[in-house]
Amino acid sequence: MIPSTARFAALYLVAIVAGQLTVLGKPEAMPVIWPATAVAAVWLVNRNDSGWRLVDAGVLGVLTVLALAVTGMDAGSALVHGVAAVTEALVFAFAAARWLPGVWVSGGRPLTSLDDLVRVLLVATVAALSGAVLGGLGDWLVTGGLTATDVAVLLVRDIVSVLLFGAAARRMWELPPDRETWLEGVIIFALSAAAYFYVFFVNQYLPIGFVLVAITVWAALRLPTVLVIAHVMVFGTAAAVFTLHDRGPYAAAGSSSLIVQLYIAVLTLVGLALAFSRDERAGLIRRLRASEHEATEKAGLMTTIVNSMTEGLAILDQNGRLVLRNPAAGRLLGSTDKVAGGALLGSDYGFFQPDGAPLADAELPYQRALAGQDVQPMDVLVRNAAVPEGRIVRFNVARLTGPGAQQHVVVVFHDVTADRRHRDELMSFAGVVAHDLLNPLTTIEGWAEVLESELAGYQPAERVARIQRAAARMRTFLNGLLAYTAARDGKLMPTTVNLQLLLTDIANSRYDQAESAGSPPPRFALGRLDPVEGDPVLVRQLLENLVDNALELVPPGVPPQISVAAQPTPNGLVRVEILDNGRTIPAGLLQAIFTNFHRGEGTYGSGLELAVCKRIVERHGGTIEATANPYGSGNRMTFTLPAGRSAYARTLDSGWQQRQQSSGATALHPR
């Protein structure tokens, strides 16, 4: 701290001597420029976080008293001004720590913005007011000759000194590097010198001093800030020198020293305000150009990446019109000439269900996403003039909300034709193999029964029972393969299906199974069940698989409870929910349970039951999902099917509404 204090002390003494050189007019007159105020402020601001701050303040006061006494001021006035200087510097440092954080401190920054200028003006005013009042009262008590005008001159002089020299702090090395700026600076300074000489000396009685402010504006708009500060210092001092030597438009005024100080203050505020504004604008333009350059580079890189993708990518607006797409999207959709910005992407481009069923615009995945639905990846058959043989494309969609709450959808297209063909070939092969294996399996089961009857009462009969159990598991697996093949390849024969009657029949059959097995009978609660449009065989298989899955998940000894209800959706579908009280499926397996050959803990099926359900629902244009039971333990299976469209369906719906108003939901109990 000692070397730093020594440097500030030396600079402060130089500033006092320089200020005393600006004493013009009578010997007892006050200095016109007083840079010591700014040096003291910067000095103590740098000591705000030091425990030696008060020591530095004491050094500052002693130096002030000694320097003023040496330069001719009487001891009493020197002491008063020393105390005032210390007080002013301490007030400034205290206020600057809160209103100007990071300014002037070691490793900090200079004044750079209009906000900084306003803050330093407020801080300087508060500090200068405390110093001027204290110094004025002290001088009045010591000499009795200080007037209110002198106090005002002290106040304005100290504010201007802090603004000018404070703005120059940490800017001494910011000189312009280019010759053009130096040349313009020389021209401005030369013209300023000529103008000031004319106004203050040649034609001094013509009141046109305000015109000189325009030159300061010119300098502030064109020159670097450090040269603007130098311009204000030089020509503000020139104006003061002329005025205090009774030259210029302000010399005839009664309080010429105060007026010239106010004139310097106006030059300072105008010059610094314009210079800081220009610096802020230039900095903002540099940042904008850098951001624009970076954004352009990233946009170019992103465009290259998107255009080189083998997967198609498209962005659609809330009306289903293409905003952007990459070349791969045009190739996959087979409509490169049509799929352009602004084109409406609809079912007229040849979109079908994978089984060839027509796909309405409202069923398209991105339209459902825009409608607010959660859409899972969906396979779509694309067949048009450009792709006559057809192509299976998987649509992955994500909904975006842009500025102004505008909805957009991002669609990624992936060609899964080969994968689907390979999968279909494998499943077809598996179906054929399963069908062909049923005959030898039947033979094995038949001979196993013969062996069981012949070995009745003998120990080897237990081994035959093992053969029978293995054969039963094999038959379950083969039946699952055949069911999946039928659900995948069988021709749909849709008609109106009465879910109420169908589920009642399924519930009764499960009562009979539980009674014959001696297990706790299940309890079914059937709510509103609207009719659906679907293949009755596949719909029955769908419901039986879901009910059996719910029963399998119930722990042993716990009475199964299954609730089923349905409600229509705005897009012409019926949403069916099946709730159970079984073991909750882990969150990480809620999607995996619908894949082929997935077997959950404690289940004994082929692993295809829920995959069959998913295939049946998708072939009917619906979706299926599993979630936790929101009303307790267990699970909730939710699927959608088309609403019944026949007159019979409307009759069922009307009858159901009448029964609901009178009796509520139906609960089925063991017989």
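Hey, what's the stretch 510-601 come to in accessible area per residue, 1.4 Å probe, Å²? Per residue, the stretch 510-601 has an accessible area of 46 Å².
The listed residues T216, T87 rank as T87, T216 when sorted by accessible area, largest first, using a 1.4 Å probe.
Accessible surface area normalised per residue over the stretch 605-645 is 32 Å², counting heavy atoms of protein chains with a 1.4 Å rolling probe.
Taking the protein heavy atoms of the stretch 1-146 in the context of the full set of protein chains, the accessible area attributed to carbon and sulfur is 72 percent at 1.4 Å. Stokes-Einstein, applied to the Kirkwood radius of the stretch 512-565 over Cα pairs at a viscosity of 1.306 mPa s and 10 °C, places its translational diffusion at 126 µm² s⁻¹. Residues in the stretch 83-88 carry Karplus couplings, in order, of 4, 5, 5, 5, 4, 4 Hz; the curve used is 6.51 cos²θ - 1.76 cosθ + 1.60 with θ = phi - 60°, and Gly or Pro positions show x. Its residue count N sets the reference 2.2 N^0.38 Å, and the alpha-carbon radius of gyration of the stretch 1-149 equals 1.04 times that reference.
The equivalent ellipsoid of the stretch 161-209 has semi-axes of 28, 18, 6 Å, largest first, where each one is the square root of 5 times an eigenvalue of the Cα gyration tensor.
Within the accessible surface of the stretch 150-228, defined with a 1.4 Å probe on protein heavy atoms only, the carbon and sulfur portion equals 74 percent.
In the context of the full set of protein chains, the stretch 167-311 has a per residue accessible area of 56 Å² (1.4 Å probe).
The percentage of C-alpha pairs in the stretch 14-75 whose separation is greater than 16 Å is 50%. The calculated pair-distance distribution of the stretch 206-311 uses every alpha carbon pair, bins of 10 angstrom beginning at 0, and gives 14, 30, 19, 11, 9, 8, 5, 3, 1 percent. State, as an integer percentage, the relative contact order of the stretch 159-263 based on alpha-carbon contacts under 8 Å between residues 6 or more apart. Relative contact order, the stretch 159-263: 29 percent.
Restricted to Cα atoms, the stretch 114-255 shows a radius of gyration and a Dmax of 17.7, 56 angstrom.
The values are calculated or read from the model by the stated rules, or taken from the named source; none is laboratory data. Worth saying up front: this structure is predicted, and the values here are computed from it rather than measured. The area values use the complete protein model at the heavy-atom level, side chains included, leaving out ligands, DNA and RNA. Shrake-Rupley method; radii C 1.70, N 1.55, O 1.52, S 1.80 Å.
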